[in-house]
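Undergrad: Mind looking over this structure? Questions follow.
Where a number appears in this text, it was derived from the coordinates with a stated rule and is not lab data. Since the model is a prediction, treat every value here as computed from it, not as a measurement. As a convention, Cβ positions derive from the backbone with ideal geometry for all residues, glycine included, and neighbour counts pool all protein chains shown.
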Ligand code: HEC
């Protein structure tokens, strides 16, 4: 075949160069993405919270703050908004205390196998509601559960529910008693409160609407 008639698609030189370019560009892109992701998923600090610096995953001391779940029109879903300081189980927790509490909560959630029935950040089983935003469930927010459990605060109501879930059945399915102690319940509630503060790009989808629908259907099934 004469050189003049050879198509570029059959040129080995062309394909070698293309391969080198594609590999090079993809490598640079992947390195950039890796660093970008590391920045997005690294946990914020106590100072970030104090200075109002937004982090996808706030520091453990976020348990000392009020967390709202607000519709973000631009992003098209709800996002957690960290508000004013509020007591958590009657006190403010230091950075060390909060970190230790969350660690205890995480270990308890694993030891008691919450994922056997629930999903956490989407991982787990589909028997019971997703717990990612459980702290922001309107039932705890509007005082319904506080009234039912006879507790004064949202965190105490949730801890009471976790210790004696079969006494407070609110959906058609009942959560069984898992012999959760007071200390474990406090740690689990902290774990759930922290998890609810994570910006999960609106996961689980339409959480508030679904929670309200469930609430409307309470005892109806
Ligand atoms: C055997 C299955 C099962 C296990 C294990 C289980 N749960 Fe549940 N859980 C349920 C069911 C069913 C419900 C819904 C019952 C209700 O609301 O009355 C529920 C409800 C809840 C709620 C209320 C949800 C909301 O949105 O308000 C919380 C919080 C909760 N569970 C936390 C936990 C934690 C934390 C663990 C692990 C320590 C756990 N559960 C383990 C079955 C389970």
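Undergrad: Taking the mean number of other Cβ atoms within 10 Å as a proxy for protection, how do you rank 154-160, 95-101, 45-51, 34-40 from highest to lowest? Numbers along the way, then the final one.
TA: Values: 154-160: 22.4, 95-101: 16.6, 45-51: 14.6, 34-40: 10.0.
Packing order, densest peptide first, comes out as 154-160, 95-101, 45-51, 34-40.
Undergrad: Using a Förster distance of 45 Å, how high is the FRET efficiency between residue 181 and residue 8, based on the Cβ-Cβ distance and rounded to 0.05? Walk me through the numbers before you get to the answer.
TA: On the way: r = 73 Å, r/R0 = 1.61.
That pair, residue 181 with residue 8, gives E of 0.05.
Undergrad: Run the numbers for residue 141 and residue 95: contour at 0.36 nm per residue of separation, minus the present Cα-Cα distance, in nm.
TA: Details: separation 46, 0.36 × 46 = 16.56 nm, distance 2.52 nm.
Length gained, residue 141 through residue 95: 14.0 nm.
Undergrad: Here's another thing I want to ask about it. For residue 148 and residue 111, what is the calculated FRET efficiency with R₀ set at 35 Å and r taken between the beta-carbons, to the nearest 0.05? Kindly include the intermediate steps, with their values, before the conclusion.
TA: Details: r = 27 Å, r/R0 = 0.77.
So, using R0 = 35 Å, E works out to roughly 0.85.
Undergrad: Over all distinct Cα pairs, what is the inverse of the mean 1/r for the range 43-216, reported as the Kirkwood hydrodynamic radius in Å?
TA: Values: mean 1/r = 0.0611 Å⁻¹.
After inverting the mean inverse Cα-Cα distance, the result is 16.4 Å.
Undergrad: A follow-up question, please. Specify the angular offset, from 0 to 90 degrees and rounded to the nearest 10, of the alpha carbon long axis of helix 95-111 from the longest principal axis of the alpha carbons in the chain.
TA: 90 degrees
Undergrad: Considering the chain as a Gaussian network with a 10 Å cut-off on Cα pairs, which listed residue, 173, 16, 75, attains the greatest mean-square fluctuation?
TA: 16
Undergrad: By how many nm would the segment from residue 27 to residue 73 grow when fully extended, if each residue of separation counts as 0.36 nm and the alpha-carbon distance is taken off?
TA: Numbers: separation 46, 0.36 × 46 = 16.56 nm, distance 3.52 nm.
Taking residue 27 through residue 73 to full extension adds about 13.0 nm, to one decimal.
Undergrad: What FRET efficiency would be calculated for the residue pair residue 35, residue 208, taking the C-beta separation as r and a Förster radius of 35 Å, to the nearest 0.05? Don't jump to the answer; show the numbers that get you there.
TA: Numbers: r = 34 Å, r/R0 = 0.97.
About 0.55, to the nearest 0.05.
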